[in-house]
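A.B. asks: Quick one: the structure is below, and I'll ask about it shortly.
The values are calculated or read from the model by the stated rules, or taken from the named source; none is laboratory data. This is a predicted model, so every value here is computed, not measured. Cβ sites come from the backbone with ideal geometry, for glycine too, and all protein chains shown count toward neighbours. What goes into the accessible areas is simple: the full protein's heavy atoms, side chains included, and nothing from ligands, DNA or RNA. Shrake-Rupley method; radii C 1.70, N 1.55, O 1.52, S 1.80 Å.
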Amino acid sequence: MRVTFSSLTYRHKNMAKKLKEIAKLVGGELTGDGEVLIRGVNGINEAVEGEIAFILNPELAGLAGKTRASAVVVSKTVKADLGKPAIKVDDPSSAFSKMIGLLMPDRIPHPKTVDKLAVISSKAKLGSNVAVGPYAVIEDGASVGDNTVIYPLCYVGKNARVGKDCIFYPNVVIREEISIGDRVIIHSGTVVGSDGFGYDVQPNGTHLKIPQIGTVVIEDDVELGACVTVDRARFAKTVIGRGSKIDNLVQIAHNVIIGPNCVVAAQSGISGSSVIGRNCIFGGQVGVADHVKVGDFVIAGAKTGIHKSYPSNTTLFGYPSKPIDKARETIAAMGLLPKLFDRVRALEAKIKKLEDK
């Protein structure tokens with residue numbers, strides 16, 4: 001398929017591969033005919049001939065006999081005869097992600113050229129094979145690394161540095177002096193480098209804006225969802241560590257440091273100057289107070305309010321946050337309150353009778 005819009009060119013084509021080639025790529029065990037040609041990937045119920053499907057739950061292996069897919073991917077724990085060619089792997093989900101990259105390398109037809117309607121400063125530097133969509137703006141002193149794709153209506157501010165192999169979807173804003181690493185993906189509506197939220201209250205009750213003269217550093221392999229806001233530091237830098245993944249609608253305040261390989265789900269907010277360790281996982285709507293330090297490998301369930309610092313390897317839940325064992329005890333105790341009230345009323349009634357005698 002080939003579609004032309006303005007001077008941008010888009011292409012999308014699936015590649016046919018033999019099943020044995022796919023098995024080698026994912027390090028899986030092949031059963032059945034390895035010469036079967038696979039042209040695409042799909043869900044177990046939607047797949048048709050020429051496609052490969054996967055079964056995450058070993059207990060659902062029986063679906064292999066019902067799917068129209070030419071082959072399936074299953075866990076190595078599945079021992080039954082599946083009735084068709086299969087690839088057995090340790091982790092079907094991860095294997096499937098690798099297959100999509102192999103079979104559908106251009107499944108999202110990104111822009112391939114610099115559009116004539118893009119506004120690019122003569123003082124900006126673009127690497128090789130950079131694509132820039134119409135009405136995108138790249139300011140003085142900005143640099144963009146090789147193979148980076150910038151969609152229409154994006155803004156890259158003065159002296160911002162963007163690494164290699166990045167993708168910025170439409171309406172992304174990268175403010176001045178911001179540093180973006182390699183292979184960073186930023187989805188639509190996200191703003192990196194807006195002012196931190198800081199004001200000094202004056203004697204007359206007005207609010208004097210505190211200048212935010214720091215920056216933001218987004219390290220390699222980070223992905224920011226849609227409408228994420230990452231505020232620049234008052235001094236120094238706000239940092240999102242290598243490999244971290246930030247969901248839609250997350251607010252990251254000034255001077256926050258997020259360690260490598262963290263995952264933060266939608267509508268969470270991390271207040272200023274907090275430090276989050278490596279490999280932390282925050283569920284949706286988690287709130288973190290300012291100047292809090294959270295250790296490595298901390299997990300916070302949805303809507304947890306982290307109001308103080310916690311050591312590494314802690315699992316938190318609730319508002320205010322508690323270690324998960326204490327949170328469960330509290331929830332269980334709350335469930336007993338109706339019976340407790342009934343007992344108290346009964347005791348009050350007995351006491352009244354005794355007092356009336």
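A.B. asks: Taking the Cα atoms of region 81-184, what is the range of coordinates along each of the three principal axes, in descending order and whole Å?
C.D. replies: If we take the Cα atoms of region 81-184, the spans are 63, 26, 23 Å.
A.B. asks: Kirkwood Rh and Cα-based Rg: tell me the resulting Rg over Rh for the chain, rounded to two decimals.
C.D. replies: On the way: Rg = 26.9 Å, Rh = 24.0 Å.
Ratio of gyration radius to Kirkwood radius for the chain: 1.12.
A.B. asks: Could you tell me, in Å, what Rg and Dmax come out for the Cα atoms of region 147-243?
C.D. replies: Looking at region 147-243, its Cα Rg and Dmax stand at 14.6, 53 Å.
A.B. asks: Stretch ASP90-GLN202 to full length: gain in nm at 0.36 nm per residue minus the Cα-Cα span? Working shown, then result.
C.D. replies: On the way: separation 112, 0.36 × 112 = 40.32 nm, distance 6.14 nm.
Length gained, ASP90 through GLN202: 34.2 nm.
A.B. asks: Still on this structure, I have one more. Taking the solvent-accessible surface of protein heavy atoms with a 1.4 Å probe, what is the per residue accessible area of the chain in Å²?
C.D. replies: Values: 18910 Å² over 357 residues.
In whole numbers, the chain has 53 Å² accessible per residue.
A.B. asks: Continuing with the same structure: Have a look at the DSSP beta bridges in region 106-238 and tell me what percent are antiparallel, nearest 5.
C.D. replies: Values: 3 of 33 bridges.
Within region 106-238, antiparallel bridges account for around 10 percent of the total.
A.B. asks: Moving to a separate point now. So, R0 is 35 Å and r is the distance between the beta-carbons of LYS326 and ALA346; what FRET efficiency does that work out to, to 0.05? Show your work: numbers first, answer last.
C.D. replies: Values: r = 30 Å, r/R0 = 0.85.
In this case the efficiency is close to 0.75.
A.B. asks: At 222 nm, what value in deg cm²/dmol follows for the chain if DSSP H runs of at least 4 each add -39500 (n - 2.57) and the sum is divided by all its residues, to the nearest 500?
C.D. replies: Values: 4 runs with 52 residues, N = 357.
Counting only the DSSP helices, I get -4500 deg cm²/dmol.
A.B. asks: Also, I was wondering about something else. Just subtract the alpha-carbon distance of LYS357 and LEU102 from 0.36 nm times their residue separation and send over the number in nm, one decimal. Mind dumping the intermediate values first?
C.D. replies: Values: separation 255, 0.36 × 255 = 91.80 nm, distance 8.71 nm.
Computed gain between LYS357 and LEU102 is 83.1 nm.
A.B. asks: If you restrict to DSSP beta bridges whose two residues both lie in the chain, what percentage is antiparallel, to the nearest 5?
C.D. replies: Percent antiparallel among DSSP bridges in the chain is about 15.
A.B. asks: Relative to the compact globular guide of 2.2 N^0.38 Å, what is the alpha carbon radius of gyration of region 211-323, as a ratio?
C.D. replies: Working: Rg = 12.5 Å, N = 113, 2.2 N^0.38 = 13.3 Å.
That ratio works out to 0.94.
A.B. asks: Any chance you could check the Cα centroid distance between region 20-65 and region 111-129 for me, in angstrom?
C.D. replies: Answer, in whole Å: 41.
A.B. asks: Okay, next question. Given the Cα-Cα distance of THR113 and GLU29 and 0.36 nm per residue of separation, how much length would full extension add, in nm? Don't skip to the end; give the middle numbers.
C.D. replies: On the way: separation 84, 0.36 × 84 = 30.24 nm, distance 4.09 nm.
Length difference between fully extended and current span is 26.1 nm.
A.B. asks: Here's a follow-up. Using a Förster distance of 51 angstrom, determine the FRET efficiency expected from the C-beta separation of ARG68 and GLU176, and round it to 0.05.
C.D. replies: It comes to 0.45.
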